[in-house]
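Here is the structure we will look at.
No value in this document is a laboratory result; all are computed from the given coordinates. Only a predicted model underlies this, so the values are computations on that prediction, with no experimental measurement involved. Please note: Cβ atoms are built from the backbone with ideal geometry, for glycine as well, and neighbour counts cover all protein chains shown.
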Amino acid sequence: MQPPLHMDEGKRVISGREAQRMIVKTALEVSDRVRSTLGPLGMDKMLVDSLGNQLLTNDGATILKNLEMKDPVGKLIIEVAKAQEARYYDGTTSCVILVGELLRSADELIEKGIHPNIITKGYRRALDIATQFIDDESWHADSPRECAELAVKTALTGKSAESHLEHLATITVDAAELAKPHNIKIVKLAGEVSDSRCVDGLAILNRPCLPEMKQKGKGGILVLDEELAPPQANMTLSDPQRIAEVAEAQKAYLQNRLSYLTELGIKAVICQKGIDPRAQEHFSREGIMAVRNVRRSDMERIAKLIHGRVVKDLAGMEEGDLGSGEYDVKETYITISGKGSGAATIMLHTPTEQAADEVERALDDAVGVASLLLDNPVTVPGAGAIQVMTADAIRSTRPHDSGKIQAAVEAYAESLEIIPRTLAESGGMDVMDTLLEMRKEREIISPYMGVDVIKGKVASMPDVVEPSVVTSGAMQAATENVIALLRTDELVMAKKLKGQDAP
């Protein structure tokens, strides 16, 4: 009989039951990293890198991204979480917690003699039941905006700026109505959260080169990644006549370029580098707004927004490089918008840098959630209610003819309840009493019976909702990942190079 751990041609091979145990152990380690962060009373994690930089957050996606995981199984689970974040913007913590719990339940079934392939059949059957149940029980809202605001409040609850929940939810949905998530920029400023607002268009924290420049305009906009100044003479001159000749040549060079831009009829110049004072004066006289030292990331956003391109050399400028849009100079920033492109900026004011980073992470998720619901306003109950309802639906479905498959189906249902169990634990509530009360009260009072961790009891929570696609998407991603890991009976890992840590 082949041993579970052996060396083969310079590779480390873990197989059989040992491989299964290792997969489960790693999954639970990753899951435990973020489990305590779930919910309004979720705990924070302080992450410190090798350089001493620290990050304090309870955002599950951020914690997972910053884990220095060397184990291949752990990396696979983190990639699943990243995919959930990229597609649905939320639900990463729930997804990873569910992966760990499903593998724990599967490990217990394997110990009882049930083959992994039988377990995967049971899990797929349970997932089909769960997906259908969620589709049937989803609530289709009459008002997409109200639906989005409720879900955003749910997503933001437990974050740093919870005391300004209403205001942040309003500006988040405002931004989602103006633009898609990838066209929404968050600008962090000092101040009070109540001063935060949504701006129509892309806002940049720059000022015009000269205060007398035109403050508002519409038309051609040049995005320039080149210093708008004459070339410098790389020589030492002592002859006054030669100095005058060089100065005249520089002036003619600059004037030629400025005349060219004026003939194009541009209304604004957005420059990543510097602008010569003579050019600034010229633009001011011609009614052209010019701004310099703009961030590279903003340059690319602006070019996309106005349907133009970043020009690296005016001499090689082609038709189509010049974009068209509007600009509006405000007190501390400039907004730029393009025709039909859709862009928004959330001007986020916070008292500290730490709070700004944490609220920004929360708003990133909230903007995505709002966008999903504005397009498709379909929600399910939150606070663990939908998981309990789905678990009950799985249990009440006609049992499978195979007892082993049915055991896996029931294990899946029990695993779903890890979400309300975790919420109850974070609120200091008795887990078993909470689950029993949720089942009982749901039938008598309301289907929206969830874990109210703030009040420390089970209560009807109709205002706590989640996008249906986020919940079902997390279940599907977790289940498919678990099935792939259950079907893995051997890990073949190449030996580390000299000087690298062993796996």
### Query
Size of the dipole of the chain about the Cα centre, Lys and Arg at +1 and Asp and Glu at -1 on the beta carbon, nothing else charged, in debye to 20?
1000 debye
### Message
Along the charge dipole of the range 289-378, pointing to its positive end and built from +1/-1 on Cβ of Lys, Arg, Asp and Glu, which listed residue (A356, N293, V369) has its Cα farthest out?
### Response
N293
### Query
Among G456, S284, A407, whose Cα lies farthest out toward the positive end of the dipole of the chain, if unit charges sit on the beta carbon of Lys, Arg (+1) and Asp, Glu (-1)?
S284
### Task
Quick one: work out the % antiparallel among DSSP beta bridges in the range 203-338, nearest 5.
55 percent
### Query
What helices does the chain hold that run 15 Å or longer along their axis, going by alpha-carbon atoms, with a Kyte-Doolittle average of 0.0 or more, using DSSP H for the helix calls?
72-88, 92-111, 144-156, 165-178, 353-375, 385-396, 403-416, 468-486
#### Entry: Listed peptides 315-322, 480-487 by packing density, highest first (mean Cβ within 10 Å)
480-487, 315-322
### Query
Roughly how many debye, to the nearest 20, is the charge dipole of the range 30-155 about its Cα centre, given +1 on each Lys and Arg Cβ, -1 on each Asp and Glu Cβ, and no other charges?
380 debye
### Summary
Calculating Cα Rg over 2.2 N^0.38 Å from this structure picks out, from [x] 1.24; [y] 1.30; [z] 2.20, entry [x]
### Query
From the residues A86, A249, Q272, which one has its Cα farthest along the dipole of the chain in the positive direction, the dipole being from +1 and -1 charges on Cβ of Lys/Arg and Asp/Glu about the Cα centre?
A249
#### Entry: Antiparallel bridge percentage (DSSP; both residues within the chain; nearest 5)
70 percent
